[in-house]
1. In a shell of Cβ-Cβ distance under 14 Å around A:GLY216, excluding A:GLY216 itself, what net charge do Lys and Arg (+1) and Asp and Glu (-1) give?
2. How big is the protein assembly as shown on each of its three principal axes, counting only the C-alpha atoms and giving the largest first in Å?
3. Rounded to the nearest 5, what is the percent of antiparallel bridges among the DSSP beta bridges in the protein assembly as shown?
4. Run the quick spin-label model on A:LYS68 and A:LEU232: label points 7 Å from Cα toward the beta carbon, then report their separation in nm to one decimal.
5. Cβ under 14 Å from A:PRO104's Cβ, A:PRO104 left aside: what net charge do those residues give with Lys, Arg +1 and Asp, Glu -1?
6. Efficiency by 1/(1 + (r/R0)^6): what FRET value for B:THR13 and B:LEU185, r their Cβ-Cβ distance, R0 = 56 Å, to the nearest 0.05?
7. If you add up the charges near A:PHE63, with Lys and Arg at +1 and Asp and Glu at -1, over every other residue whose beta carbon is less than 9 angstrom from its beta carbon, what do you get?
8. What distance in nm separates the simple spin-label points at B:ALA167 and B:LEU28, each placed 7 Å from Cα in the Cβ direction?
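Every number in this text was worked out from the coordinates using simple rules, so none of it is lab data. Worth saying up front: this structure is predicted, and the values here are computed from it rather than measured. Counting neighbours? That spans all protein chains shown, and the Cβs are built from the backbone with ideal geometry, glycine included.
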Amino acid sequence: MKAVTADNISLSYGSKEVLHQLSLMIDKEEFFIIIGPNGAGKSSLLKGLAGTEKINSGTISLFGLDQKDYSRRELARLTALVPQGIESHFPFTVADTVLMGRSPHLGLLGAEQEEDYHIARQAMQATDTAHLAGRTLDRLSGGERQRVIIARAICQQPAILFLDEPTASLDLAHQIRIMDLLENLRLERKITVCMVSHDLNLASMYAGRLLLLKNGRVVRTGAPQEVLDEKLLEESYECPLLVDENPLSGTLRVLPVPAKFLRGK
Amino acid sequence: MEQTFTPIGKRLTLICLLLGLLLAAVMLLGAAVGSSNRNPLAVFDLLGSLADGGSTRQTIIWKIRLPRVLLAAVAGATLSLGGLVFQVLLRNPLAEPYILGISGGAAVGAISGMLIGIPFFPGVTVSAFSGSMATLGIVLLLASGARGERRDSLLLAGVMMNAFAGALIMFLLSISQSSQLHHILFWLMGDLSMAEAGRLPLFALILPCYVIIFILARPMNILLTGRETATSLGVNVRKISVILLITATLMVSLVVCLSGLVGFVGLVIPHILRLTIGSDHRLLVPAGLLGGASYLVGCDLLARALPASGELPVGIITAMIGAPLFIVLLWRSGK
């Protein structure tokens, strides 16, 4: 049984179709990364899979059961979403925000128990946000806020974690820390990780499989070695690229080539 | 690390206890003090004389002041909760039933009903509710259609609907031949003196609204994270928003029927509470209820005690406090 199966899904905003009859499968405990140029439909695909955006046709199954057959709360116990930007008009503290991840596990009037606090504390320690607990979200840097939102998602204890460019606003140290954290969650808690990323080098080092998306269609799915093909990427991103081997990890490495170095290529 | 989370129960008990005591104190003061006795020390007289019934003072207290104090408490609690709900739904701390024109819409509906001469319940209340729902619909439509900063266009739409409602009210009053004109005008400015037994069914409708909002306090927190996140946290955003919108509009329009246009309570109280107890609506809802009730009972006390003779409409007091605060908040949010 697959963790996620999408069969011929299409999604449009008004008359603009952003996903065209797309199909994919994600294995249990897989690290699955969606890549592709801007406007390819990566975020829409992620939202569709996570169930926060309605698809117009096709079916999505999670662990063999149609997404529509889950209630909202069941879905929130099974999957968590780390969206791209977050709103903070109202000054919730970091502790409050992380604890919100427990809400699909509680009844309407149920108060959090010691166990919930414990889970929240663990999530905050794992994301290096425990020292921020009392601060309000509007007083955090972009990177700190991103880690808090990941802590909330972990606090949901999902079986599948969806993330939309979780490393986009982070410095190098925190990028690696977040990716290592996701890898650990995947291995230790047997979570399936599905994320959108613009960072092909991180994707190459962590992903079990990649999905290259363009104009709402799958260009190629497979192991990083199969997808990170120089020709294929140059066509998709419409930009000259250099793909070579990372001497440390042996994985592929992708560099965009500036115009002034084009002669050597 | 152990101090990271304070269990909600303890804080809730403490807050309810403190604000409950405050409410009891102002209500007692409100019952003791009035145009016939302005001395705050009358509280002790009141407590002392509760035993012997039948005197004129007893009649004043039981038949006039106490119903009035209760009406003030219910109106204050309702308007304060109404403010909280609209601030969550519109994700704007400046949203408030009066500023959004919802109270004004209810007043137009209520006055139309009064002038036609339909009975107060259910006739006038139904027309008030229709008026407020219609205004709310127009405000939301205008705000969503407007370009640019949504937060400001929403407030602008509300202020304009309020002005339009004001014009409609003046139009209705100027063409009417009603002998109740003076009475209606006074009611419009916020009048708590109409506490009568005939209004009791309205209270019976308002109380369940409190319960609904209390039950939905946690989803209200989550709604503040935005539609997408709230959905991914298991909240049915559309359903919860519609329930909250109708509940808040219903109870606010009922309070307009009971006490006219009392503005800014839903701005002042939630603002103060957010500064002191944070953004958790499981605390803010009960605190807003008790705090709003205490606040309006207090304002009514001022309205009765301040003028040398007679009394002020309580809406004048709340506007004098609330409007400057609104301006300060607007100025600060623009920076």
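1. Working: positive: A:LYS16, A:LYS42, A:LYS47, A:LYS214, A:ARG217; negative: A:GLU17, A:GLU53.
Overall, the nearby charge balance is +3.
2. 100, 55, 47 Å, listed from the longest principal axis down.
3. Numbers: 26 of 43 bridges.
Just about 60 percent of them are antiparallel.
4. That separation, rounded to one decimal, is 3.3 nm.
5. Numbers: positive: A:ARG72, A:ARG73, A:ARG77, A:ARG102, A:ARG152, B:ARG218; negative: A:GLU74, A:GLU112, A:ASP116.
So the surrounding residues net to +3.
6. Working: r = 44 Å, r/R0 = 0.79.
Computed FRET efficiency for B:THR13 and B:LEU185 comes out at 0.80.
7. On the way: positive: A:LYS2, A:LYS28; negative: none.
Result for the local shell: +2.
8. With each label placed 7 Å out from Cα toward Cβ, I get 5.1 nm.
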